[in-house]
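The next block holds one structure in the form of structure tokens; read it before the comments.
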Amino acid sequence: MNKNAALNAAHSGASRSSLGFEAFIIVRSKKDDDALVRLQSDPLLSGLRGVDGLQVTLHVPNATTRLVVDRPSCLIFHYNDVAAVQTIRLMQRRSEDPLVVCLGSDIYTYSRYTDLHDIVDLYMMPTEIHRKVLANGVYKPVYVLPECIDPITLEAGDEHPQVFPRKTGKRALWFGYSESFSKSMASLTPVILKNVADRCIDDFVVIVDQEGFYAANGNQLKVPTIPYDNATFRLHAKKFDYAILSHFSLDLKLNSHIKSPNKVITALLAGLIPIVSDTPNYREIFERHGLQKFLFSSAEELDRILKALDPVADSKFVQNSGVILSLLRAGSTTTVVSAFFHIIEQYRRSSNIEISQLPVVSYIEAPKPIGLREHLSDLLPSAIRACMSRLRRLWR
């Protein structure tokens with residue numbers, strides 16, 4: 001059964017009409033290579049277009065074209081797309097108010113979401129822990145819509161082979177944004193490099209935006225890098241055996257701790273044996289498939305895992321766990337679009353309009369009073385530097 005046939009089988013004409021929409025509109029100014037586009041809105045766009053009888057469009061905000069809603073519609077946008085938010089605020093309505101869906105992700109501050117409260121009907125978050133955290137601070141309904149498989153795991157035009165490759169080497173990599181490395185991986189680097197020096201692993205390379213990485217870390221880490229590019233990631237990943245990934249919240253921020261599991265899913269589907277931090281969304285996947293032996297919660301535990309690597313046995317262990325087929329099913333366009341329809345139906349049945357219409361009261365941290373001791377602690381270093389500078393001039 002092809003993708004379109006599967007989508008139509010999953011969503012009968014009766015269930016589609018019960019949603020009450022004549023059009024689905026994704027409002028997006030983000031570029032096609034943006035991670036949230038690849039994981040969230042693009043799969044929805046292609047999946048919805050694959051369902052017979054649906055009118056699905058992509059509206060790209062611009063200065064000359066105004067969004068006009070002239071039929072019962074469902075609007076979908078990313079939480080951090082400023083241009084899309086502005087477009088929805090200024091849209092012209094020629095029929096009943098549309099249903100507005102916000103696709104969420106990171107939760108750096110509640111204000112990123114509460115500031116959208118006046119235009120949003122419901123939020124969709126990538127994991128259950130994201131749902132719970134956001135639901136603490138908003139009055140609109142919050143649901144879980146899993147992210148799709150990142151297409152960077154596939155070579156152009158290929159279907160995933162569904163078989164984990166047999167590994168024989170111990171080359172390890174990390175991949176991601178440079179700021180993510182600083183937040184969650186930097187403290188582990190000495191342990192990893194020691195294992196390279198001790199020949200417990202063959203190599204450790206970081207696939208990253210190189211300019212940002214060296215600006216943030218200089219050359220102090222002495223880690224070889226490869227420039228990150230969506231188009232070449234899969235080709236580079238093929239040369240490695242293990243992925244060492246961490247969402248430790250070294251910045252002491254909740255958002256780092258609750259990160260979605262998309263990176264470890266990408267690693268697994270790219271054929272990499274994952275060695276990952278024991279953080280909520282990683283543990284959930286690993287416990288479900290019996291992969292807990294690859295979890296670490298400290299530098300010492302990571303060191304123990306690296307010293308015991310057996311690539312042939314480890315790759316066979318991953319294959320036998322069933323995780324690859326499970327992830328391919330859960331992250332398929334068909335599965336995610338089906339979940340999207342289910343959420344809309346659930347919202348229509350059970351939303352609490354009385355609560356969602358209340359004005360949001362957000363937490364505001366009270367300013368900390370600065371006492372004399374704090375003033376002195378700020379002034380003393382400056383005073384010492386000034387005195388030393390004065391003395392040096394006198395001694396010349």
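Do we have any residue at all in the range 40-58 that's modelled with pLDDT of 90 or more, touching a Ser or Thr at 6+ places or on another chain (Cβ under 9 Å), open to solvent by 30 Å² or more (accessible area, probe 1.4 Å) and among the hydroxyl-bearing types (S, T, Y)?
Yes: one or more hits.
What pairs come up if the first residue lies in the range 74-91 and is farther than 12 Å from K30 by Cβ, the second is among the aromatic types (F, W, Y) and modelled with pLDDT under 95, and their beta carbons are under 6 Å apart, counting only those six or more places apart or on different chains?
C74/F21
Going by the conditions given, is T232 over 21 Å from I305 (Cα atoms), open to solvent by 30 Å² or more (accessible area, probe 1.4 Å), over 19 Å from the mean Cα position of the chain (by Cα) and hydroxyl-bearing (S, T, Y)?
Values: over 21 Å from I305 (Cα atoms): yes; open to solvent by 30 Å² or more (accessible area, probe 1.4 Å): yes; over 19 Å from the mean Cα position of the chain (by Cα): yes; hydroxyl-bearing (S, T, Y): yes.
The answer is yes for T232.
Condition (residue is in a helix (DSSP H, G or I), among the aromatic types (F, W, Y) and either within 16 Å of the chain's Cα centre (by Cα) or modelled with pLDDT under 95 (or both)) applied to the range 282-291: is it met by at least one residue? Explain how you work it out, then say what you get.
Residues of the range 282-291 in a helix (DSSP H, G or I): 282-288.
Next, from what is left, pick out any that are among the aromatic types (F, W, Y): 282, 286.
Narrowing further to those that are either within 16 Å of the chain's Cα centre (by Cα) or modelled with pLDDT under 95 (or both): 282.
Within the range 282-291, one or more residues are in a helix (DSSP H, G or I), among the aromatic types (F, W, Y) and either within 16 Å of the chain's Cα centre (by Cα) or modelled with pLDDT under 95 (or both).
So, of the residues in the range 81-102 that are more than 15 Å from V120 (Cβ to Cβ) and either in contact with an Asp or Glu (Cβ under 7 Å, 6 or more places away or on another chain) or assigned to a loop (DSSP other than H, G, I, E, B) (or both), which turns out to be least open to solvent (accessible area, probe 1.4 Å)? Lay out the reasoning, then the answer.
Applying the first criterion (more than 15 Å from V120 (Cβ to Cβ)) to the range 81-102 yields 83, 90, 92-96.
Narrowing further to those that are either in contact with an Asp or Glu (Cβ under 7 Å, 6 or more places away or on another chain) or assigned to a loop (DSSP other than H, G, I, E, B) (or both): 90, 94-96.
Values: L90: 91, R94: 153, S95: 40, E96: 119 Å².
Applying the filter and picking the extreme gives S95.
Tally time: how many residues in the range 135-179 are under 18 Å from H247 (Cβ atoms) and either of a type in the set (K, R) or in contact with a strand residue (DSSP E or B) (Cβ under 9 Å, 6 or more places away or on another chain) (or both)? I'd like the intermediate steps shown before the answer.
Filtering the range 135-179 down to residues under 18 Å from H247 (Cβ atoms) leaves 146-147, 150, 172-179.
Going one step further and asking which of them are either of a type in the set (K, R) or in contact with a strand residue (DSSP E or B) (Cβ under 9 Å, 6 or more places away or on another chain) (or both), we end up with 172-178.
Total meeting the criteria: 7.
Quick check, is S178 hydroxyl-bearing (S, T, Y), under 21 Å from D278 (Cβ atoms) and surrounded by fewer than 21 Cβ atoms within 10 Å (Cβ to Cβ)?
So S178 does not fit the description; no.
Scan the range 139-182 residue by residue and report those that are over 14 Å from A237 (Cβ atoms) and touching a Pro at 6+ places or on another chain (Cβ under 9 Å).
Scanning the range 139-182 gives Y139, V144, L145, P146, E147, C148, I149, R166, T168, K170.
In the range 17-37, how many are aliphatic (A, V, I, L, M) and under 18 Å from V120 (Cα atoms)? Full working, then the answer.
Of the range 17-37, the ones aliphatic (A, V, I, L, M) are 19, 23, 25-27, 35-37.
If we keep only those that are under 18 Å from V120 (Cα atoms) as well, we get 19, 23, 25-27.
So the answer is 5.
Would you mind telling me which numbered condition in (1) within 21 Å of D34 (Cβ to Cβ); (2) open to solvent by 10 Å² or more (accessible area, probe 1.4 Å) R131 fails?
If we test R131 against (1) within 21 Å of D34 (Cβ to Cβ); (2) open to solvent by 10 Å² or more (accessible area, probe 1.4 Å), just (1) comes out false.
Looking at the range 134-144, which of its residues are of a type in the set (A, V, I, L, M, F, W, C) and either touching a Gly at 6+ places or on another chain (Cβ under 9 Å) or open to solvent by 20 Å² or more (accessible area, probe 1.4 Å) (or both)? Before the answer, list the steps.
Taking the range 134-144 first, the residues of a type in the set (A, V, I, L, M, F, W, C) are 134-135, 138, 142, 144.
Across the range 134-144, the qualifying residues are L134, A135, V142, V144.
Tell me which residues, restricted to the range 103-132, are closer than 18 Å to K253 by Cβ, in contact with a helix residue (DSSP H, G or I) (Cβ under 7 Å, 6 or more places away or on another chain) and not in a loop (DSSP other than H, G, I, E, B).
Selection gives Y113, M125, I129.
Restricting attention to the range 318-351, report how many residues are in contact with a helix residue (DSSP H, G or I) (Cβ under 8 Å, 6 or more places away or on another chain) and surrounded by 15 or more Cβ atoms within 10 Å (Cβ to Cβ).
Qualifying residue count for the region: 14.
Scan the range 326-348 and report the pairs whose first residue is without any contact (Cβ under 8 Å) to a residue 12 or more places away in the chain and whose second residue is surrounded by 16 or more Cβ atoms within 10 Å (Cβ to Cβ) and assigned to a helix (DSSP H, G or I), with Cβ atoms within less than 9 Å and a gap of 6+ or a chain change.
The qualifying pairs are R329/T335.
Under 6 Å between Cβ atoms, at least 6 apart or on separate chains: pull out the pairs that start in the range 235-259 with a residue that is within 27 Å of K170 (Cα to Cα) and modelled with pLDDT of 95 or more and end on any residue that is among the charged types (D, E, K, R) and surrounded by 24 or more Cβ atoms within 10 Å (Cβ to Cβ).
Within 6 Å, the pairs are H247/K259.
If I filter the range 253-267 for residues that are touching a helix residue (DSSP H, G or I) at 6+ places or on another chain (Cβ under 6 Å), open to solvent by 60 Å² or more (accessible area, probe 1.4 Å) and either more than 15 Å from V191 (Cβ to Cβ) or part of a strand (DSSP E or B) (or both), do I get at least one hit?
For the range 253-267, residues touching a helix residue (DSSP H, G or I) at 6+ places or on another chain (Cβ under 6 Å), open to solvent by 60 Å² or more (accessible area, probe 1.4 Å) and either more than 15 Å from V191 (Cβ to Cβ) or part of a strand (DSSP E or B) (or both): absent.
The values are calculated or read from the model by the stated rules, or taken from the named source; none is laboratory data. Worth saying up front: this structure is predicted, and the values here are computed from it rather than measured. Note that we place each Cβ from the backbone using ideal geometry, even for glycine, and neighbour counts take in every protein chain shown. Quick note on the areas: whole protein, heavy atoms, side chains included, nothing else; ligands and nucleic acids left out. Shrake-Rupley method; radii C 1.70, N 1.55, O 1.52, S 1.80 Å.
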